[in-house]
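A quick write-up on the structure given underneath.
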Amino acid sequence: MQNDFVQNDLVPLAPASYVAQNSATGFLLPAAIGRADEKTQRRFLEFFAATIRNRNTREAYYRAVCKFFSWCEKRGIREITQVEPLLVAAFIEEEAEAHQAQTVKQELAAIRKLFDYLVTGQIVPFN
């Protein structure tokens, strides 16, 4: 299996089905982030590069966040500002039916921490 996380050590490369390319950096982002303004894109990338020191954790969180945004895309949620707690809860409930509790907890932690970081960066109004 090919490793999708080869772009660099700080910002992993997302699987192709989720992505939009940042024109300034060339990094691949979840489509909802790629459609957002430059400040949002930068804050998203900073979350992984600046706040998560362990490479394995960074990659796991990136996969979880990309999976969440892909799930949102399939449901017509195309903008990060459309993400609400009820939507995250629905994603987690669906994941709980398909995966072990530890996996779901990690996915929720990744989403929660990303949105905490986006709130403190004044990208979204609440977590």
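Of all lysines in the structure, the ones whose alpha carbon falls short of 24 Å from that of residue 39, not counting any fewer than 8 places away in one chain, are 67, 113. Carbon and sulfur together cover what percent of the accessible area of the stretch 21-100 at a 1.4 Å probe radius? Summing carbon and sulfur atoms, their accessible area is 47 percent of the total for the stretch 21-100. Computed from the C-beta positions of residue 50 and residue 89, the FRET efficiency with R₀ = 25 Å rounds to 0.35. Counting only residues at least eight positions apart within a chain, or on another chain, the aspartates and glutamates with an alpha carbon under 19 Å from that of residue 105 are 59, 84, 93, 94, 95, 97, 116. Can you tell me how the stretch 39-127 classifies by the Cα gyration tensor, rounded, prolate or oblate, using a/c under 1.5 as the rounded cut? Because a/c hits 1.5 or more and a/b fails to exceed b/c, the stretch 39-127 counts as oblate.
The values are calculated or read from the model by the stated rules, or taken from the named source; none is laboratory data. Not measured: the values here are computed from a predicted model. All Cβ positions, even for glycine, are placed from backbone atoms using ideal geometry, and neighbour counts span all protein chains on display. Note: areas computed on protein heavy atoms with side chains; ligands, DNA, RNA excluded. Shrake-Rupley method; radii C 1.70, N 1.55, O 1.52, S 1.80 Å.
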